[in-house]
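Below: the structure, in structure tokens.
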Amino acid sequence: MTSTLIRGRLLSFTRAPHAIDDSAAYSYESDGALLIGDGVIKASGPYGVVKAAAPDGVTEIDHRPHLITPGFIDTHLHFPQMQVMASYAANLLEWLNTYTFPEECRFVETAHAERIAIHFFDEMIRHGTTTATAYCSVHKASADAFFAESLKRDMRMIAGKVMMDRNAPQGLLDTPQMSYDETRAVIADWHGKGRNHVAITPRFAITSTPEQMEVAKSLAGEFPDLHIQTHLSENRDEITFTCELYPEAKDYTDVYARYGLLGPKSLFGHCIHLSDREADAMSESGSVAVFCPTSNLFLGSGLFPLRALTRRQRPVRVSVASDIGGGTSYSMLKTLDEAYKILQLQGERLNPFDSFYMMTRGNAEALSLVDRIGTLEPGTDADLTVLNMAATPAMALRAEVVNSLADELFLLQTMGDDRAIVETYVAGKPVKSSLDAN
Ligand SMILES: [Zn+2]
């Protein structure tokens, strides 16, 4: 076994921080080290202690003075929408119909899907994101391209072939039977291969007939361990249209509840306008509401009520995500910067420890994967992000007057982007620097 010793300042969370001074929520080593072997963290702690226990002749990589955190996790994005980012649309439904659906039609071509998959994984690595939960297009070829590239790079990724059989161009429609057969084929081909996870992925209630929702229900019953991902309550017109399509449902959330799609492995993108009843249903089922700040601002969808959802008597689990291509940046730092502003507009705060918790352990907990990712705990995957708070001249100038870890994290979150990512490790291998070398 070849081992590597990675030295730097280490930050890893043990739980959600309650306040900016809640130092019991994380462990921080000012001169720390991680011993890596077989793609896994073997030991973590003060440099002297970890070095003493390391095998003789271990390869050492020194990242001082930079900060090492678990790799960032993005819990909702669309890999076929890389060329949809920055499309000038008034709102969600116009954006989908004018830009997004036509672009996704191109993923019927295997060569196109394979080319975009390469760019997608490159961007994830450039931005320090080591796990993402992705929507592919309706075409099985898009899921094949995504998972093949993920396997090649040995990344822990969650993705699904989108199921949609109405209210979209012909080139983006499957049928209930096709969506069943192809989702099963994607599961058989990719689930558990390398670090790939397949998610059952009905796009949203508007683009699925009740017959297709029945198929999603069957798949969820047959594969209870799989994640389920869809969209919920993003935009007022979307909510109205959904309720017209499913008149028997009490509300939008009830559409998914009726088809057995709520649960602890279910991720619902957006959840901006939930009623109390819907939030209760989310809470009782352990479902996750996914906050997509840059997308919500870009499409004018609304302000995600993070505190209202997490502080209520029956709290809703939350995670945070880029929602590429409605989102405007691949960077989780930029995503949390916009999350901060959304909370400011609601008279709430998001402290930098909270932000870094959400990008790492918080999102891992939301995915029920904290035993594998999101911390620097021994035994977990060696997926890491190395951060430099002085990455640009403006950041370096601001960094001169930083005198606490909280200040550093807030500077990284507010002014940082891919330039602040010094290195990204996937299963113990440095992959960002080799990308830049090519
Ligand atoms: Zn989305």
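The values are calculated or read from the model by the stated rules, or taken from the named source; none is laboratory data. Everything numeric here is computed off the predicted structure, so don't read it as measured data. We place every Cβ from the backbone using ideal geometry, glycine too, and count neighbours over all the protein chains shown. The accessibility values were calculated without ligands, DNA or RNA, using every heavy atom of the protein model including side chains. Shrake-Rupley method; radii C 1.70, N 1.55, O 1.52, S 1.80 Å.
If you go through segment 267-286 and keep only what is within 16 Å of the ligand (Cβ to nearest atom) and open to solvent by less than 20 Å² (accessible area, probe 1.4 Å), you end up with L267, F268, G269, H270, C271, I272.
Results for (1) open to solvent by 10 Å² or more (accessible area, probe 1.4 Å); (2) under 30 Å from L309 (Cβ atoms); (3) among the hydrophobic types (A, V, I, L, M, F, W, C), shown as yes or no for each residue.
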site: Q346; (1), (2), (3): yes, yes, no
site: M358; (1), (2), (3): yes, yes, yes
site: R372; (1), (2), (3): yes, yes, no
site: M389; (1), (2), (3): yes, no, yes
site: N403; (1), (2), (3): yes, no, no
site: K432; (1), (2), (3): yes, no, no
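Between E423, E348, E408, the distinction of being acidic (D, E), part of a loop (DSSP other than H, G, I, E, B) and at pLDDT 95 or above belongs to E348 only.
Here D251 passes the criteria (1) in contact with a strand residue (DSSP E or B) (Cβ under 7 Å, 6 or more places away or on another chain); (2) away from the ligand (no atom under 16 Å from the Cβ); (3) more than 27 Å from K193 (Cβ to Cβ); (4) not hydrophobic (A, V, I, L, M, F, W, C) except the one numbered (1). Does at least one position in segment 69-80 carry a residue that is part of a helix (DSSP H, G or I) and surrounded by 24 or more Cβ atoms within 10 Å (Cβ to Cβ)? Yes, because at least one residue in segment 69-80 is part of a helix (DSSP H, G or I) and surrounded by 24 or more Cβ atoms within 10 Å (Cβ to Cβ).
Does V215 qualify as being more than 23 Å from the chain's Cα centre (by Cα), hydrophobic (A, V, I, L, M, F, W, C), closer than 22 Å to C136 by Cβ and away from the ligand (no atom under 15 Å from the Cβ)? For V215, the condition - more than 23 Å from the chain's Cα centre (by Cα), hydrophobic (A, V, I, L, M, F, W, C), closer than 22 Å to C136 by Cβ and away from the ligand (no atom under 15 Å from the Cβ) - is met. Just one of the numbered conditions (1) over 19 Å from the mean Cα position of the chain (by Cα); (2) within 26 Å of F291 (Cα to Cα); (3) open to solvent by 10 Å² or more (accessible area, probe 1.4 Å) is not true of Y340: (1). Put simply, of I206, I228 the only residue that is within 16 Å of the ligand (Cβ to nearest atom), modelled with pLDDT of 95 or more, part of a helix (DSSP H, G or I) and at negative phi is I206.
Applying the criterion of being more than 13 Å from W95 (Cβ to Cβ) and buried (at least 24 other Cβ atoms within 10 Å of the Cβ) to the residues of segment 295-318, the residue that is nearest to the ligand (Cβ to nearest atom) is F304. Write out, first by first residue and then by second, each pair whose Cβ atoms fall under 6 Å of each other, whose residues are 6+ apart or on separate chains, and whose first residue, in segment 254-266, is surrounded by 22 or more Cβ atoms within 10 Å (Cβ to Cβ) while the second is β-branched (V, I, T). Partner pairs satisfying both residue conditions: L261/I228; S266/I228. Between E114, E60, the distinction of being open to solvent by 10 Å² or more (accessible area, probe 1.4 Å), modelled with pLDDT of 95 or more and over 22 Å from the mean Cα position of the chain (by Cα) belongs to E60 only.
Yes/no per residue for (1) modelled with pLDDT of 95 or more; (2) over 23 Å from V386 (Cβ atoms); (3) surrounded by 20 or more Cβ atoms within 10 Å (Cβ to Cβ):
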| position | (1), (2), (3) |
| --- | --- |
| H139 | yes, yes, yes |
| S150 | yes, no, yes |
| D154 | yes, no, no |
| M157 | yes, no, yes |
| V162 | yes, yes, yes |
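Residue check: H127 meets all listed conditions (1) open to solvent by less than 30 Å² (accessible area, probe 1.4 Å); (2) more than 16 Å from the ligand (Cβ to nearest atom); (3) within 24 Å of G374 (Cα to Cα); (4) out of contact with any Asp or Glu (no Cβ under 6 Å at 6 or more places or on another chain) but one, namely (4).
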